[in-house]
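S.K.: Supplied in structure tokens, the structure appears directly below.
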Amino acid sequence: MNLPRTEKNLIDIKSMNLPDLEAFFLSIGESKGRALRVYKHIWQRGATTFDEMNDIAKSTRAKLNECAEITFLETISHKISDDGTQKFLWRIPQGGAIESVLIPDTNRDNNGRDRMTLCVSSQWGCAMKCSFCLTGDLGLKGQLKASQIANQPLQVSKTLPEGVRITNIVMMGMGEPLHNYKNLVIALRNMLHNQALDISHRKLTVSTVGLIPAIKKLSAELPVNLAISLNASNQEQRVEVMPITKRYGLDELIQCCKELNLPHGKRIAFEYVMMAGFNDSMEDAHRVYDLLCDLPAKVNLIPYNENPDRTIKRPSADQVKAFQHYLVSRGMNCTVRKTRGIDISAACGQLGKGVRPLSVKENL
Ligand code: SF4
């Protein structure tokens, strides 16, 4: 059995799905039932040590203490924006830091609860180099382990007041999730499992620049929501801001979306960062409509969040409204994303900004 390992060369128990954990328990002479109890302790009760698992035999705990580890992310900082958005900066033992953003929203979900969305990172940095995104400036520094991905919702949920829980998870933090496919899928399974984090597949969204083979694989493997970062209305324009388009062309990406066997009622979200004078004209709106009109699509317009590291400008509110109005008038589901957490650099495209000022000492 190829077991995931921690930095201490112990078994990284949080980087395993339940069937693998059960197989591991059988291999050390323990039962599947005990594996399930340990799994629940870890993901539902947030156990930090094996010794606190009172219903697990002492001899089993001793075995686990010798060969396995329950890992956690170390908090470097936790900032709260004026609008209630919270940004968590975590240290990772690979030597760097990653961020998660919690976005409370008083729009109720279908269960009548206030929506609480967590934006989760999948990589330390990112290799995709989208021109408008500060995370892309870092380059790819490292892949997150499955435990480090799923620890983000687990640890953030422990900071919430009694009765409040994370209702939605979006894989839209640092990194391109599908570029860390194997670890992502293990983490997603632990988020979805009803004996673990128990997030509904309707509330779990994976965002991608459009890595076509991985999109096909994921949609065949898990029923999670898919979001595509579109950000342009034609091939040439998209190549300018998203270099990955040279490898996976826009037409090929749209064709791939058309061929996906989506579960009934699921739509693909297309994220469109609007940049003034670049992709915000009415001609762009027409082309976006033509691209997406045959798809079960919803469009999420994201007016660019200006920052000192880029000369890109945010379009006017009227321009954004006109763009949205055109798509809606043609029968397309189109919303405009509210800017959240801009004062703590937690808004879209800003992640990674809080990571760079880390001194060498802090990085040790
Ligand atoms: S937008 Fe996403 S995929 Fe593109 S560089 Fe930023 S983190 Fe990477």
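The values are calculated or read from the model by the stated rules, or taken from the named source; none is laboratory data. Computed from a predicted model, the values in this text were never measured in an experiment. For neighbour counting, all protein chains shown are included, and Cβ atoms are generated from backbone atoms with ideal geometry for every residue, glycine included.
S.K.: In the stretch 140-169, how many residues are modelled with pLDDT under 95 and within 11 Å of the ligand (Cβ to nearest atom)?
M.R.: Total satisfying the criteria: 0.
S.K.: Within the stretch 146-167, can you find the residues that are under 11 Å from Leu197 (Cα atoms) and among the charged types (D, E, K, R)?
M.R.: Within the stretch 146-167, just Arg165 meets the criteria.
S.K.: Out of all the residues in the stretch 192-217, which are within 14 Å of the chain's Cα centre (by Cα) and within 16 Å of the ligand (Cβ to nearest atom)?
M.R.: Thr205, Val206, Ser207, Thr208, Val209
S.K.: From the list Phe50, Phe72, which one is aromatic (Phe, Trp, Tyr) and surrounded by 18 or more Cβ atoms within 10 Å (Cβ to Cβ)?
M.R.: Values: Phe72 fails: surrounded by 18 or more Cβ atoms within 10 Å (Cβ to Cβ).
Phe50 is the lone residue from the list that is aromatic (Phe, Trp, Tyr) and surrounded by 18 or more Cβ atoms within 10 Å (Cβ to Cβ).
S.K.: Quick one: is Ser131 closer than 20 Å to Ile228 by Cα, within 16 Å of the ligand (Cβ to nearest atom) and surrounded by fewer than 19 Cβ atoms within 10 Å (Cβ to Cβ)? Walk me through it before giving the result.
M.R.: On the way: closer than 20 Å to Ile228 by Cα: yes; within 16 Å of the ligand (Cβ to nearest atom): yes; surrounded by fewer than 19 Cβ atoms within 10 Å (Cβ to Cβ): yes.
Yes.
S.K.: From the list Ala317, Ala269, Ala276, which one is of a type in the set (A, V, I, L, M, F, W, C), under 20 Å from Asn333 (Cα atoms) and in contact (Cβ under 8 Å) with a residue 40 or more places away in the chain? Before you say what the answer is, go through the steps one by one.
M.R.: Numbers: Ala317 fails: in contact (Cβ under 8 Å) with a residue 40 or more places away in the chain; Ala276 fails: under 20 Å from Asn333 (Cα atoms).
After ruling out the rest, the residue left standing is Ala269.
S.K.: When you check Ser131 against the structure, is it part of a loop (DSSP other than H, G, I, E, B), among the small types (Gly, Ala, Ser) and under 30 Å from Ile312 (Cβ atoms), yes or no? Can you show your working first?
M.R.: On the way: part of a loop (DSSP other than H, G, I, E, B): yes; among the small types (Gly, Ala, Ser): yes; under 30 Å from Ile312 (Cβ atoms): yes.
In short, yes.
S.K.: Restricting attention to the stretch 268-283, does a residue exist that is over 22 Å from Ser316 (Cα atoms) and surrounded by fewer than 16 Cβ atoms within 10 Å (Cβ to Cβ)?
M.R.: No, the conditions are met nowhere in the stretch 268-283.
S.K.: Condition first: of a type in the set (Val, Ile, Thr), within 16 Å of the ligand (Cβ to nearest atom) and either under 26 Å from Lys313 (Cα atoms) or modelled with pLDDT of 95 or more (or both). Can you find one or more residues in the stretch 93-101 that meet it?
M.R.: The initial filter retains those residues of the stretch 93-101 that are of a type in the set (Val, Ile, Thr), namely 98, 101.
In the following step, the residues that additionally are within 16 Å of the ligand (Cβ to nearest atom) were identified as 98, 101.
Add one more test, that the residue is either under 26 Å from Lys313 (Cα atoms) or modelled with pLDDT of 95 or more (or both), and what stays is 98, 101.
Yes, the conditions are met somewhere in the stretch 93-101.
S.K.: Next question. Looking only at helices (runs of 4 or more DSSP H) that fall completely inside the stretch 270-364, which ones have 1 or more residues that are at pLDDT below 95? Talk me through it step by step, then tell me what you get.
M.R.: Values: elements: 282-292, 317-329, 360-363.
Where helices (runs of 4 or more DSSP H) fall fully within the stretch 270-364 and carry at least 1 residues being at pLDDT below 95, they are 360-363.
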